[in-house]
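*Asks:* Submitted below is the structure of interest, expressed as structure tokens.
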Amino acid sequence: VLPHLRRQARFSCIGERKLSSKTDLPKEADVVVVGGGIIGCSTAYHLAKMGVDVLLLERDKLTSGTTWHAAGLMVTFGSLSETSTELRKYTRDLYTSIEKETGQSTGFKPCGFIELAPNEDRLEEYRRVSTFNRKCGVDVREISADEVKGLFPLCRTDDILAGFYVEGDGRVNPVDAATALAKGARMAGAKIVEEAAVTGVCQRNGRVTGVQVGDATIRAGSVVNCAGMWARQFGEMAGVSICNQAAEHYYLVTDDMDDVDPNWPVIEDPQNYTYIRPEGGGLLVGLFEKEAAAWNVSEIPSDCSFTEISPDWERMTPYLEAAMSRVPRTLEVGAKNFFCGPESFTPDLSPIVGEAPELKGYFVAAGLNSIGILTGGGMGRLVAHWVKTGLPDMDVTGMNIDRLHPYQANHLYRSHRVVESLGLVYQCHYPFKPNETARGVKRSPIHERLSKQGAYFKDVSGWEGADWYAGEGNTPEMGALSFGKHEWFPLWESEHRAVREGVGLIDMSFMSKFMVEGPDAGEILNSLSTANVDADEGMITYTQWLNDNGKMEADLTVAKLKADKFFVVATDTMHRHVETMMKNHIKENGRFAVVSDVSGSYAQINIQGPKSRELLDKLTTTDMSNEGFPFRTATEIEIGYARLLCVRITYVGELGYELYIPAENALHVYDMIVEAGEEFGLKHVGLKALSSLRMEKGYRDYGHDMDNTDTLMEVGLGFTCDFNKKTPFVGQSAVESQKKDKSYMQKRLVQVLVDDEDAVLFHGEVVTRNGEMVGDIRAASYGHTLGGAVGLSMIESSNGDKINKKYLDDGKWEVVVANRRYPATVSLTPMYDPAMEKIKA
């Protein structure tokens with residue numbers, strides 16, 4: 001197979017280099033950046049430009065880790081994340097401007113980029129992405145197969161339905177780009193020292209105080225871990241968990257080809273696992289195979305540099321053949337090199353960025369998942385701003401280091417998940433595609449019971465969450481993935497309607513749960529919370545936590561069980577974020593309270609729907625009437641032999657209750673509920689229905705439809721504020737200022753309902769008013785009761801108009817889904833039960 005390539009390829013392993021220590025190290029710096037790749041150089045550059053005294057320490061030579069062998073794509077197209085898209089745009093501009101600033105070339109060549117769509121699903125995906133990218137300012141246009149051929153004549157286009165072309169994208173020389181950033185950093189006052197391996201991180205009272213380089217100690221207020229594939233090991237020195245893992249990454253460079261024009265664009269063909277671009281006198285054929293190979297899971301050698309890995313021809317040949325079939329001429333020439341080098345990936349293919357929950361002043365910027373070059377400039381700016389000001393100025397909910405958990409750094413977890421992570425880069429990004437590796441990490445106490453009901457489980461922050469049910473005795477099958485309605489859509493609808501019309505059982509044991517106890521617990525939680533959470537005992541309160549700028553940090557509930565005992569519940573993705581906020585707030589304010597993570601100690605079973613009270617009446621001696629158990633009550637009740645916390649609250653917009661059951665009693669209570677529920681038609685309900693139910697009610701979910709760049713007023717949650725409570729909340733002055741000046745009226749979160757029952761929304765679809773793009777769908781589902789796809793969108797008025805009911809009523813609203821425009825209805829108030837009559841029944 002490909003014998004001519006096997007004969008002519010040349011391989012080498014650059015030897016491990018002994019590092020020498022430097023004697024001219026400074027005694028102190030404001031910030032120490034560890035790692036001299038593209039991310040470290042960019043971070044140092046931006047810190048220096050901000051006037052920060054920064055020292056960059058590189059264990060060997062700049063770029064000697066992963067940067068030196070990166071393929072150098074500079075592409076702004078392809079992401080449904082506004083943050084990622086903005087990072088790319090900034091980086092592309094920086095690679096041009098820094099050449100003028102420093103005189104050092106970055107090798108940036110805006111030769112263009114084309115994404116190829118060889119089938120209908122890829123076409124659907126890229127049309128969705130291109131609309132969103134245009135809204136973000138990326139000049140992408142859809143072109144025909146003939147136009148692709150005209151731009152890259154050797155490309156086989158017989159199966160191409162369309163290409164997506166960005167003329168200003170292209171390629172860059174990674175080493176030159178990093179060198180330019182390093183030079184710019186030095187020009188701005190940064191000090192960069194090579195061959196200076198950091199051997200320890202100094203800390204005191206939970207805060208960074210400096211680093212050690214051999215026998216030398218350097219005082220510093222902050223440390224930024226930009227150590228790339230070594231980031232995990234370097235983090236371990238300081239007790240910080242970082243779960244990136246290196247994998248083999250391949251590309252082939254052909255011999256010179258007379259018929260290749262070096263000005264041709266980069267083409268990307270994910271269906272055949274490849275990107276192809278001119279390189280030297282030939283072509284570079286890069287690979288992202290479906291199933292990758294982990295590299296050195298136990299430990300990345302600390303002294304390896306400019307590393308090349310002997311390629312696995314047997315494993316890679318089928319992928320290479322598929323890739324080269326896109327440009328058949330590559331099969332007729334030899335190869336200068338079939339290169340394999342290590343590159344690190346994360347469990348969810350998002351970067352690991354931010355201040356470590358374990359250690360104040362310790363920041364991380366690693367795990368870039370092969371987009372380090374094309375986001376490096378922006379990433380460095382983001383991290384520098386975060387370090388300098390203490391807060392990020394972009395949405396980081398999807399990349400914040402505290403979204404991840406220590407178990408994800410385990411040897412077995414990393415070795416399994418990285419195989420899938422790299423492989424997902426070029427797979428079609430279906431909205432409901434499940435993770436297949438590193439599963440079964442956490443299971444609800446009633447997991448086996450749910451499995452017997454035909455639960456289809458998905459990964460929910462490591463928990464096995466029941467997404468929908470095939471029914472007792474049936475085996476759930478996802479079926480063919482698509483961007484439309486799946487074959488289990490009717491099952492989802494039946495679960496949704498059961499909650500609206502009868503009663504449903506929802507397992508939400510994956511939620512983050514904390515017991516906060518101590519004499520100062522109420523004061524601490526009240527100062528964090530916008531609402532008054534320290535009022536009456538036996539009450540639960542919905543509240544938000546903000547930062548000093550009045551921007552969102554968490555969305556949760558706090559139940560006051562006793563004067564000195566509170567139960568805090570947050571979404572699964574914000575587990576460590578919320579926990580860290582509480583612990584830091586206690587410490588910084590010198591108060592006494594203890595935060596205990598009890599997430600696994602309690603099963604959470606939600607009983608929701610108009611018949612939920614009747615069901616619980618059969619199970620407990622507690623008076624469950626509206627008078628005896630009013631909305632927001634949180635108290636202990638008995639069911640069978642168990643005692644549990646019962647809270648009257650809902651996330652689906654119906655009369656309902658959340659039961660927090662000691663794990664050892666969960667099966668007993670579950671069995672009693674199911675038995676008693678037969679009389680009322682109790683139905684097991686999964687997370688798909690939970691999503692559609694909450695979306696019809698317009699309920700928010702931090703990290704999905706709200707993020708850290710939003711203010712409380714913009715997301716419509718100003719009603720949670722108690723401005724008169726004894727303890728002012730963090731960010732109160734900022735909220736009061738915005739409430740007074742009404743600036744939030746130009747940017748507001750609205751509910752959007754598509755007026756076509758066949759349309760499906762997921763995320764990133766663009767919302768227009770009178771033909772003008774004013775927002776995009778942040779999160780969505782299908783409103784089975786409302787009769788169409790429904791989502792939440794942050795819209796902004798371009799001319800300063802106030803976004804109020806008149807603004808909405810006067811506009812012609814549409815949602816663009818893969819080039820299709822659908823009429824829509826937009827509302828500032830919930831479209832389902834706006835008066836909350838059902839909830840308080």
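*Asks:* Suppose only helical runs count, i.e. DSSP H with n ≥ 4. What mean residue ellipticity at 222 nm does that imply for the chain under -39500 (n - 2.57) per run, divided by all residues and rounded to the nearest 500 deg cm²/dmol?
*Replies:* Dividing the helical sum by the residues of the chain leaves -7500 deg cm²/dmol.
*Asks:* Also: Mind grabbing the accessible area of M187 for me, 1.4 Å probe, Å², rounded to tens?
*Replies:* That residue has around 110 Å² of solvent-accessible surface.
*Asks:* Another one. For the range 309-383, compute Rh as the Kirkwood radius over C-alpha pairs and then the Stokes-Einstein diffusion coefficient at 10 °C and 1.306 mPa s; write the answer in µm²/s, rounded to an integer.
*Replies:* Approximately 101 µm²/s, per Stokes-Einstein.
*Asks:* Would you calculate the separation in nanometres between label points at S298 and L391, each defined as 7 Å from the Cα along the Cα-to-beta-carbon direction?
*Replies:* 4.7
*Asks:* Taking the Cβ of Q746 as the center, what net charge do the other residues with Cβ under 12 Å away carry, scoring Lys and Arg +1 and Asp and Glu -1?
*Replies:* 0
*Asks:* Shape verdict for the range 363-457, please, from the Cα gyration tensor: rounded (a/c under 1.5), prolate (a/b greater than b/c) or oblate.
*Replies:* prolate
*Asks:* Work out the charge dipole of the range 717-764 with +1 on the Cβ of Lys and Arg and -1 on the Cβ of Asp and Glu about the Cα centre, then indicate which of Q732, L749, T720 is farthest towards its positive end.
*Replies:* Result: Q732, furthest along the dipole toward the positive end.
*Asks:* Report the net charge of residues surrounding D507, where surrounding means a beta-carbon distance below 10 angstrom and charges are Lys +1, Arg +1, Asp -1, Glu -1.
*Replies:* 0
*Asks:* Calculate, in nm to one decimal, what D756 and N205 gain on full extension: separation in residues at 0.36 nm each, minus their alpha carbon distance.
*Replies:* 192.6 nm
*Asks:* Which of rounded, prolate or oblate describes the range 414-456 when judged by the alpha-carbon gyration tensor and an a/c cut-off of 1.5?
*Replies:* Taking the square roots of the gyration eigenvalues as a ≥ b ≥ c, the range 414-456 is oblate.
*Asks:* Please list, by residue number, every one of the trypsin sites (Lys or Arg not before Pro) in the range 656-735 that is coil in DSSP and has at most 10 other beta-carbon atoms within 10 Å.
*Replies:* K726
*Asks:* In addition: For the charge dipole of the range 537-694, defined by +1 on Lys and Arg C-beta atoms and -1 on Asp and Glu C-beta atoms about the Cα centroid, which residue among V558, A634, L644 has the Cα displaced farthest towards the positive pole?
*Replies:* With unit charges placed on the Cβ atoms, the residue in question is V558.
*Asks:* Still on this structure, I have one more. Return the inverse of the average 1/r over all pairs of distinct C-alpha atoms in the range 464-530, which is the Kirkwood hydrodynamic radius, in Å to one decimal.
*Replies:* 16.0
*Asks:* Right, here's the next one. Can you tell me which of 600-606, 553-559, 475-481 comes out highest on packing, and rank the rest after it, using the mean Cβ neighbours within 10 Å?
*Replies:* With the highest mean Cβ count within 10 Å placed first, the list reads 553-559, 600-606, 475-481.
*Asks:* Sticking with this one: Where does the Debye-calculated log10 I(q)/I(0) of the range 784-825 sit at q = 0.14, 0.24, 0.31 Å⁻¹, using only Cα point scatterers of equal weight, no solvent?
*Replies:* Scattering profile of the range 784-825, log10 relative to I(0): -0.42, -1.05, -1.22.
*Asks:* Which percentage, to the nearest 5, of the DSSP beta bridges contained in the chain is antiparallel?
*Replies:* 85
*Asks:* Cross-link candidates for K740: which lysines have Cα within less than 18 Å, leaving aside residues fewer than 8 places away along the same chain?
*Replies:* Counting by Cα, and skipping residues close in sequence, K740 has these lysines nearby: K551, K802.
*Asks:* List, largest first, the extents of the alpha carbons of the range 57-160 along their principal axes, each in whole Å.
*Replies:* The principal-axis extents, from largest down, are 49, 32, 27 Å.
*Asks:* Restricting to DSSP loop positions (anything but H, G, I, E, B) with no more than 14 other Cβ atoms inside 10 Å of their own Cβ, which GluC sites (Glu not before Pro) remain in the range 786-841?
*Replies:* Within the range 786-841, the qualifying GluC sites (Glu not before Pro) (loop, at most 14 other Cβ atoms within 10 Å) are E837.
*Asks:* Using alpha carbons only, what's the Rg to Rh ratio of the chain with Rh from Kirkwood?
*Replies:* 0.97
*Asks:* So, in nm, how far is label R820 from label E120 when the simple model puts each one 7 Å beyond its Cα toward the Cβ?
*Replies:* Those two pseudo-labels are separated by 1.1 nm.
*Asks:* Okay, moving on. How much FRET efficiency would the formula 1/(1 + (r/R0)^6) give for D256 and K840, where r is the Cβ-Cβ distance and R0 is 60 Å, rounded to 0.05?
*Replies:* 0.20
The values are calculated or read from the model by the stated rules, or taken from the named source; none is laboratory data. All values reported here derive from a predicted model rather than from experimental measurement. Positions of Cβ are backbone-derived with ideal geometry, glycine not excepted, and every protein chain shown enters the neighbour counts. Heads up: the accessible areas ignore ligands, DNA and RNA and are worked out on the full protein's heavy atoms, side chains in. Shrake-Rupley method; radii C 1.70, N 1.55, O 1.52, S 1.80 Å.
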